[in-house]
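Here the structure comes first, spelled out in structure tokens, and everything after it is commentary.
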């Protein structure tokens, strides 16, 4: 067969609506001629966790364990090319952009961890208890006296990476080969936490790359 296709999905929900996951993946393989194979594998997942650990903070004689809701999106593309130009000359390529974002909200502290009612286990901070200060950090007034008792950085994230490898193999005499390998890596991250396909892809490929070119020569002396 010249064309192959597969698709899979996974969905899960946690007890009391604590978490949920949706994931989808597919695979496309096309072989127009015997010497050439093209493959494309996309993957996407969305997850939400209402009990994401943020940090613990000591103030006075108390310790607050702070949790939050996190919504995370992850997108991965994998491209592969395998081209056998001749028995002695081949080209292989692999490229994969990766994007993962996480957005935090509904910050809360653990109050009664063993309470029978799930909602009684936590205290969700109101707008008068948590705010963003001049440095962009979250400031928490835990005891309600109007002053911040502790603060923490914005945990939102947007991580993007692109990895690629191009390998040329030439067997110039039986048992003797030259390999040329070109690798490229691009990494960009910020704290926005919002997933936008076109914007994230544009930002990723506008990021300055790190390129490495390598050569390897093997020579067979004795037949």
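The values are calculated or read from the model by the stated rules, or taken from the named source; none is laboratory data. Only a predicted model underlies this, so the values are computations on that prediction, with no experimental measurement involved. Neighbour counts run over all protein chains shown; Cβ positions are idealised from the backbone, glycine included.
Some notes on this structure:
- Those residues of the stretch 160-190 which are modelled with pLDDT of 95 or more and closer than 30 Å to residue 123 by Cα, in sequence order: none
- Among the residues of the stretch 1-31, those that are surrounded by 13 or more Cβ atoms within 10 Å (Cβ to Cβ), modelled with pLDDT of 90 or more and closer than 30 Å to residue 122 by Cβ comprise 19, 20, 21, 22, 23.
- Single match in 65, 94, 53 (criterion: touching a strand residue (DSSP E or B) at 6+ places or on another chain (Cβ under 8 Å), part of a strand (DSSP E or B), under 30 Å from residue 122 (Cβ atoms) and in contact (Cβ under 8 Å) with a residue 40 or more places away in the chain): 65
- Test for residue 86: is it out of contact with any helix residue (DSSP H, G or I) (no Cβ under 6 Å at 6 or more places or on another chain), within 30 Å of residue 183 (Cα to Cα) and free of Cβ contacts under 8 Å to residues at least 12 places away in the same chain: yes
- Check on residue 95, surrounded by fewer than 16 Cβ atoms within 10 Å (Cβ to Cβ) and at pLDDT 95 or above: yes
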